[in-house]
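The values are calculated or read from the model by the stated rules, or taken from the named source; none is laboratory data. None of the values given here were measured: they were computed from a predicted structure. Please note: Cβ atoms are built from the backbone with ideal geometry, for glycine as well, and neighbour counts cover all protein chains shown. Protein only, heavy atoms only, side chains kept; ligands, DNA and RNA dropped before computing areas. Shrake-Rupley method; radii C 1.70, N 1.55, O 1.52, S 1.80 Å.
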Amino acid sequence: MLAATLAASAPADAQVKPRFNAFSPTTASTLYPLRVLAPGVFLVAGDTGKGVEGRPNAGFIVSSDGLLVVGGLASPAQGEAVLRTIRTQSAQRVRWFVLYAHHPDMQFGAITMKRAGASIVAHPDANVLAAEGGPDQMVADWDQVVGLQEMLGFEFANVPDHPVTGSDTLVLGKRRVVVWHPGNGHSPGDLMLWLPDDGILFSGDVLVEDGVTMVIDGSSRELLDVLAAIEQLHPKMIVPGHGRIASNPQALIDSTRSYLTALRAAMQAAVEGGVPMRRALTSLPPADETRPVSLHSRLRRNANRVYVEMEREFMGLGVDQDSTR
Ligand SMILES: [Zn+2]
């Protein structure tokens, strides 16, 4: 009653906003939806219907050599729920955990897999904007997103036991599993998982449901090259970092490419026309203050980044990761 009364009398522009819960809550008994993608290959589905803001997709591969788990796990609680979900299918030991990227939503549950015995397979470059304030700040910021309860038992576990900076093929039973760093498209530490015998690509956030991949830690130019490389694989199925599996993988590649190409052209025209960044971004909807990865926030943050990228290209400076981020 009280809450209802308060809500009814609160002014429309009330300063205190409730926390935006991007992810569905995870408890000590949560099991996530499971889907068989191929014999021994499973999707542990993230939130559907929440687009790119939902809990990330994870996956695992069962083999006689043990289990390989691939992110993303956004908290220890999510890591445990993924493990609980895995245990409905297999009691095998977890041998590898493949980390998609050093972003909190992809790495903050990695400790669960490490404690379960996994070797962490990761790219060693952990340089992302979210980490700029230092590790403590990164964790504090993330508490606000997933809630303290889901962060209990947190420790960083993103330092690779098994570093991959190019590509590396593991053989699990009879299945080949390629761990692949496709370049600095989405972030410098991106890894993807390619199953050549099944035609399945676990792309991480290099591809997301709506085609608006974040490039604030990466490069739109490199992401275009990454898309071309993915296209060459002719994947039959792409499991994106967030959101539903693309029914048509090529359509997801195409929509991502169209978005980037149009953004690059618009920002290039602005730079060449001497239009300041602020004005170049006026046609975009405002970012959502409390939702850093909402569609509007991604559109604006990417535009910002790509404007700087085009400015550097215009001045012939090339891409300097550190000073452009
Ligand atoms: Zn993500």
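General observations
- Filtered by the rule that a residue be among the hydroxyl-bearing types (Ser, Thr, Tyr) and either open to solvent by less than 80 Å² (accessible area, probe 1.4 Å) or within 19 Å of the chain's Cα centre (by Cα) (or both), the stretch 282-304 gives THR290, SER294, SER297.
- Flag if THR169 is within 19 Å of ALA122 (Cα to Cα), touching a residue at least 12 places away in the same chain (Cβ under 8 Å), more than 16 Å from the ligand (Cβ to nearest atom) and open to solvent by 40 Å² or more (accessible area, probe 1.4 Å): no
- Selection status of ILE245, under 18 Å from GLU311 (Cβ atoms) and within 16 Å of the ligand (Cβ to nearest atom): no
- Residue that is surrounded by the most Cβ atoms within 10 Å (Cβ to Cβ) [pool: residues in the stretch 219-247 that are in contact (Cβ under 8 Å) with a residue 24 or more places away in the chain and of a type in the set (Asp, Glu)]: GLU222
- Evaluation of THR256 against (1) in a loop (DSSP other than H, G, I, E, B); (2) within 15 Å of the ligand (Cβ to nearest atom) (one fails), failing number: (1)
- Residues being open to solvent by 40 Å² or more (accessible area, probe 1.4 Å) and within 15 Å of the ligand (Cβ to nearest atom) - total across the stretch 79-125: 0
- Looking only at the stretch 197-211, and only at residues there that are open to solvent by 10 Å² or more (accessible area, probe 1.4 Å) and within 16 Å of the ligand (Cβ to nearest atom), the one that is farthest from MET310 (Cα to Cα): GLU209
- Note on the stretch 212-223: among residues that are over 19 Å from SER167 (Cα atoms) and either of a type outside the set (Ser, Thr, Tyr) or in contact with a strand residue (DSSP E or B) (Cβ under 7 Å, 6 or more places away or on another chain) (or both), the one that is nearest to the ligand (Cβ to nearest atom) is MET214.
- Residue list for the stretch 140-164, restricted to those being under 27 Å from VAL212 (Cβ atoms), open to solvent by 30 Å² or more (accessible area, probe 1.4 Å) and in contact (Cβ under 8 Å) with a residue 12 or more places away in the chain: ASP141, TRP142, GLN144, VAL145
Listed here are the residues, each with its yes/no results for (1) touching an Asp or Glu at 6+ places or on another chain (Cβ under 9 Å); (2) β-branched (Val, Ile, Thr); (3) under 20 Å from HIS103 (Cα atoms).
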| position | (1), (2), (3) |
| --- | --- |
| GLY218 | yes, no, yes |
| VAL226 | yes, yes, yes |
| PRO235 | no, no, no |
| ALA246 | yes, no, no |
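- Scan of the stretch 172-196 for residues that are within 16 Å of the ligand (Cβ to nearest atom), more than 22 Å from ALA251 (Cα to Cα) and small (Gly, Ala, Ser), ordered by number: SER187, GLY189
- PRO276 being open to solvent by 60 Å² or more (accessible area, probe 1.4 Å) and over 21 Å from the mean Cα position of the chain (by Cα): yes
- Scanning the stretch 45-78 for residues that are crowded, with 24+ Cβ neighbours inside 10 Å, assigned to a strand (DSSP E or B) and in contact with a Gly (Cβ under 8 Å, 6 or more places away or on another chain) gives ALA58, ILE61, VAL69, VAL70.
- Residue selection: ALA58 satisfies the criterion of being small (Gly, Ala, Ser) and within 20 Å of HIS186 (Cα to Cα).
- Condition met for VAL271 (under 17 Å from VAL212 (Cα atoms), of a type in the set (Val, Ile, Thr), in contact (Cβ under 8 Å) with a residue 40 or more places away in the chain and out of contact with any His (no Cβ under 8 Å at 6 or more places or on another chain)): no
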